[in-house]
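What follows is a set of notes on a single structure, which appears directly below.
The values are calculated or read from the model by the stated rules, or taken from the named source; none is laboratory data. Computed from a predicted model, the values in this text were never measured in an experiment. Positions of Cβ are backbone-derived with ideal geometry, glycine not excepted, and every protein chain shown enters the neighbour counts.
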Amino acid sequence: MVLDTNWAVKWLTLCAQAMAEHRAWLIELDRAIGDSDHGENMDRGFQAVLDKLTEVTPETPGAALKLAAMTLISKVGGAAGPLYGTAFLRAAAALGDTLEVEPAVFAGALVAARDGIVARGKAEPGDKTMVDAWTPAAEAALIAAADGAGTVLEVLVAAAEAAEAGAAGTDPMVARKGRASYLGERSAGHRDPGAASSALILRAAVGAAA
Amino acid sequence: MTVALVVVSHSEKIADGAAELAAQMAPDVSIFAAGGTPDGRLGTSLERVMAALEQASGLDGVVILADLGSAVMTAESALEFAGEPDGVLLADAPVVEGLVAAAVAAQGGADVHAVKRAAEAVYGSATGVPPSSSVVTVEEGSVTGAGPEFTGDFELINQAGMHARPAAKIAGGLASLDATVTVNGLDGTSMTALMTLAAGKGSVLHVEAWGHDAERAVNYVGGLVQAGFGEP
């Protein structure tokens, strides 16, 4: 398996599928501690990415991610748009013009994406945000890729599992950033919707490579 | 020198209304509104922000004002997509007050950094601290007495006293001078600060100025006050 342009396009397609399937769940999570529009916003954003992919054929994995970045910032609305847009944009920049993404390069792209989210949203690990999914995901990918033994699929799986564990780890946290932070202690006991959608995105990357 | 302004808001009405309000104070300044989403929802649109930045390019710099958090993020993202162009600055200021202050400074011919400062000075205007004390500390020798280089006291003679238009004239003119100016202890380049003086007819404005154009700054305010700002 190689992470080529077809993989990148399939990743985005599976992201759109995952957002459509989990739309109601994300809305439910966001209703508890936010403004209940996350599922709708993510679904609309990735459907727009699908539409875009019928008009434009990206020539590199990076180009596919950049197209997604632009579309998500424009169509998602709310904070998730610029945050995911920045994540995909930074990841695209890290991939450059490469046609087949090596495991270490993919790990580097996840680190770049995480750094972009942190730069844009000013959140830190433990704030109960999507950073709590992306940080362990990027670290797990780096470790899996650094061993040298890691195949691309192993790196993708490591990232997805770490993101899922990280998202679950937001359940007991008290939010310090975003709309949920207005709830203070009452935000504990609910999963952060952004961390949840982040885990869906990274799980879709595995599905695209399988 | 014409700095353009871009206002980014979740609401098309807020962006358009803020631009309309600011334009009243600064008829020669180009103000581009980027509010709401193209399909008429509340939210911020990267496309609209980038279109506004495109329209504003070619002038002598752009200052962006944005409302709630994700509008700031969208504006930052637009700058990242555009490759962080030179002379395009994002001001950390409240949209309405900041935009009006920035527009007045731009109308007065201030450069892009001064326009951004004018917008951001809105936050600190109630403290009475001049925007930059560095101007004072640069000239250590003359500062020992801590006194301003030029001062003036001027009695307001127009019926309405200090209100939006006189404040705009004072702040706009001072913003284009190389001087740090306080009026009754408040930042003279901040229109909103001047308006908080609530100085009526008969009140005296105490002007203190430091810097290269200190004398001109005091004379400028004095001239306006003594002419009643052109009002009855």
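Of the residues screened, A:Ala113 is not one that is within 16 Å of the chain's Cα centre (by Cα), under 25 Å from B:Val49 (Cβ atoms) and at pLDDT below 95.
Residue-level check: of (1) under 22 Å from B:Ser70 (Cβ atoms); (2) part of a helix (DSSP H, G or I); (3) at pLDDT 95 or above, A:Glu161 misses just (1).
Part of a helix (DSSP H, G or I) and within 11 Å of chain B (Cβ to nearest Cβ): does that describe A:Arg114?
On the way: part of a helix (DSSP H, G or I): yes; within 11 Å of chain B (Cβ to nearest Cβ): no.
So A:Arg114 fails the test.
Looking at region A:25-34, can you tell me whether even one residue there is outside any helix (DSSP H, G or I) and either of a type in the set (Ser, Thr, Tyr) or within 14 Å of another protein chain (Cβ to nearest Cβ) (or both)?
Taking region A:25-34 and keeping what is outside any helix (DSSP H, G or I), we get A:34.
Subset that is either of a type in the set (Ser, Thr, Tyr) or within 14 Å of another protein chain (Cβ to nearest Cβ) (or both): A:34.
Yes - at least one qualifying residue is present in region A:25-34.
Is it true that A:Glu124 is in a helix (DSSP H, G or I) and over 19 Å from A:Gly62 (Cα atoms)? Taking the combined requirement at face value, the residue does not satisfy it.
In region B:173-191, the residues that are touching a residue at least 24 places away in the same chain (Cβ under 8 Å) form Cβ pairs under 6 Å with partners that are part of a loop (DSSP other than H, G, I, E, B) and of a type in the set (Val, Ile, Thr), at six or more places apart or across chains, as follows: B:Leu174/B:Thr189; B:Ala175/B:Thr189. Between A:Ala180, A:Ala195, A:Ala188, the distinction of being in contact (Cβ under 8 Å) with a residue 12 or more places away in the chain, touching an Asp or Glu at 6+ places or on another chain (Cβ under 6 Å) and closer than 16 Å to A:Arg31 by Cα belongs to A:Ala195 only.
So, in region B:49-106, exactly how many residues are outside any loop (DSSP other than H, G, I, E, B), closer than 17 Å to B:Ile14 by Cα and not small (Gly, Ala, Ser)?
Step one: list which residues in region B:49-106 are outside any loop (DSSP other than H, G, I, E, B), which gives B:49-56, B:62-66, B:69-81, B:88-90, B:95-106.
Pick out the ones that are also closer than 17 Å to B:Ile14 by Cα and you get B:49, B:52, B:64-66, B:69-72, B:74-75, B:95-103.
Then keep just the ones that are not small (Gly, Ala, Ser); that gives B:49, B:64-65, B:72, B:74, B:95-97, B:99-100.
Number of matching residues: 10.
The residue of region B:11-55 that is farthest from the other protein chains (Cβ to nearest Cβ), among those that are of a type in the set (D, E, K, R) and under 29 Å from A:Gly45 (Cα atoms), is B:Asp16.
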